[in-house]
Each structure stands twice: as structure tokens, then as C-alpha cells.
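First comes the structure, then the notes that go with it.
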Amino acid sequence: VAHNGSPQNRAYIGLGSNLADPQAQIMRALGALDRLPGTRVVARSGLYVSRPLADLPQPDYLNAVATVDTALAPHRLLHEMQRIEREQGRVPGGERWAARTIDLDLLIYGQSVIRSASLSVPHPGLSQRDFVLQPLAELAPGLDVPSLGKVHSLLESCPRRGLRRFEASR
Ligand code: A4P
Ligand code: MG
């Protein structure tokens, strides 16, 4: 139970960027998430370099996952994540999978399974994305992903697309 009495929920948020200094974009988004009301970033994975899905002609992505404890309800958290995306210059209404300064995906929210028009949790792409599962396994290998199974088993059966650890430059 948080300071203000609201129950805390453990969520995992995926971060991705392939424009305008991706490392700085991810660090800035982590700071913004940590400043949300009733919310703390309690851990973050290492950074990973990944090729764009569908081999789209775009720069490689930098990806990471954050562990977040939050008193915000799922749709409210998503709303705040979208505000952070806009503040970091994400242009809304672009094509699906277009290159972006920052993309924040709500991967997991406690034990919740949500399938609403604006929010699907666990994130539908999770089990097919090594750039999500590898950093998630770093944070919580034994985590049971609602309706899908353990993170380490999901990683074993996930297609590998040449993900590599990013060597920090600062
Ligand atoms: N939405 C539904 N569920 C969620 C959720 N769990 N988290 C809705 C976040 N958003 C969720 O998202 C479109 C709509 O998804 C939102 O309005 C929200 O209501 P968007 O971010 O505006 O559009 P998008 O990201 O272009 O489309 P989409 O289908 O969400 O793509 P993804 O899954 O976000 O993937 N390649 C590499 N290597 N690394 C990446 O990080 N990311 C993407 C985007 C593509 N290729 C990538 C990467
Ligand atoms: Mg997205």
C-alpha cells in the first residue's frame, strides 16, 4: 500500500526508440514514468539493439523494459504513457510501426488480462518479440505472464532476430 493508501500494482513497460538519440529518449522516458503520480520505476533492464520488425527500412531500435510499481489504473497509466510519448515529440497518427522517437507499451499489469478497444494487456506482441522477452527475463525470469506462461519459457520459444546488448557510450 502506497503513501496515499492506494494499492500498488506491479507493471512492466516496454520502451523503444529509433530516432533522435534513442538512448537519451529512453532515459528521459524512464524519468518521466518515475515522476507520474503514485508511480515508481523500481528497476530497468539493460538496453538492447534490435532490427525493425518486418525488416522495415528504418534505423535499428534501442529497446528496454522497466519494472514499475503504480497506483494508477491501467487505462490511466496508458493515458499518461501516451502523454509522455507526445512530449517527446512522437508524431501521432503515423503509419503502424513507423519510426519513432519513443514508444511505450504496457506489457503486463499485475495479473490483469485486458482486451478493450484502446488497451490489450498482456501486450499482444509480447510472445513474438525477443526485444521484449530478453529484457523482461533479465528483470523477472520466473514471472508468470497472465494467460501466457513463464517469461523464461516464452523466451525459449520466441523467434530470435539477432538482438544484441547495447554497449553504453556514456
Ligand atoms: N494499445 C493497445 N494495447 C496497448 C498496450 N498494451 N500498450 C493501443 C500500449 N498501447 C496499446 O499504438 C496504437 C494503439 O495501441 C494505441 O493507441 C493504444 O490505444 P501506437 O503506439 O500509437 O502505434 P504503433 O506502436 O505504431 O502500433 P502498435 O501496433 O502498437 O505497434 P507496437 O506493438 O507498439 O510496435 N521493432 C523493434 N525492433 N523494436 C520496437 O520496439 N516497435 C514497434 C511498434 C514496431 N517495430 C519495432 C518496435
Ligand atoms: Mg505502441
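Some values worked out for this structure:
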read-out: Matching residues in segment 128-141 - criterion: being modelled with pLDDT of 95 or more and open to solvent by 30 Å² or more (accessible area, probe 1.4 Å); value: Q128, R129, Q134, E138, L139
read-out: Only one of E80, E95 that is of a type in the set (D, E, K, R) and not in a loop (DSSP other than H, G, I, E, B); value: E80
read-out: For G89: the one exception among (1) surrounded by 15 or more Cβ atoms within 10 Å (Cβ to Cβ); (2) more than 12 Å from ligand 2 (Cβ to nearest atom); value: (1)
read-out: Options E138, E87; residue that is of a type in the set (D, E), out of contact with any helix residue (DSSP H, G or I) (no Cβ under 9 Å at 6 or more places or on another chain) and closer than 27 Å to A20 by Cβ; value: E138
read-out: Condition check for G89: more than 10 Å from ligand 1 (Cβ to nearest atom), of a type outside the set (A, V, I, L, M) and in a loop (DSSP other than H, G, I, E, B); value: yes
read-out: Selection count where residues are more than 20 Å from Y109 (Cβ to Cβ) and without any contact (Cβ under 8 Å) to a residue 12 or more places away in the chain, scope segment 129-156; value: 2
read-out: Of all residues in segment 94-127 being within 15 Å of G16 (Cβ to Cβ) and of a type in the set (G, A, S), the one that is least open to solvent (accessible area, probe 1.4 Å); value: G125
read-out: Output for segment 157-170, where each listed residue is touching a residue at least 60 places away in the same chain (Cβ under 8 Å) and within 16 Å of ligand 1 (Cβ to nearest atom); value: R161, G162, L163, R164, R165, F166
read-out: Unique match (being at pLDDT 95 or above, farther than 22 Å from A24 by Cα and within 8 Å of ligand 1 (Cβ to nearest atom)) among L104, L119; value: L119
read-out: Condition broken by A73, with the remaining ones in (1) open to solvent by less than 70 Å² (accessible area, probe 1.4 Å); (2) within 16 Å of ligand 2 (Cβ to nearest atom) satisfied; value: (2)
read-out: Those strands (runs of 3 or more DSSP E) lying entirely in segment 5-61 with at least 2 residues of a type outside the set (A, V, I, L, M, F, W, C) and within 16 Å of ligand 2 (Cβ to nearest atom); value: 9-17
read-out: Flag for R44 being more than 8 Å from ligand 1 (Cβ to nearest atom), surrounded by 15 or more Cβ atoms within 10 Å (Cβ to Cβ) and under 14 Å from the mean Cα position of the chain (by Cα); value: yes
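The values are calculated or read from the model by the stated rules, or taken from the named source; none is laboratory data. Because the structure is predicted, anything quoted here is derived from the model rather than measured. Note that we place each Cβ from the backbone using ideal geometry, even for glycine, and neighbour counts take in every protein chain shown. For the accessible areas, the whole protein counts, side chains as well, though only heavy atoms, and no ligand, DNA or RNA atoms are used. Shrake-Rupley method; radii C 1.70, N 1.55, O 1.52, S 1.80 Å.
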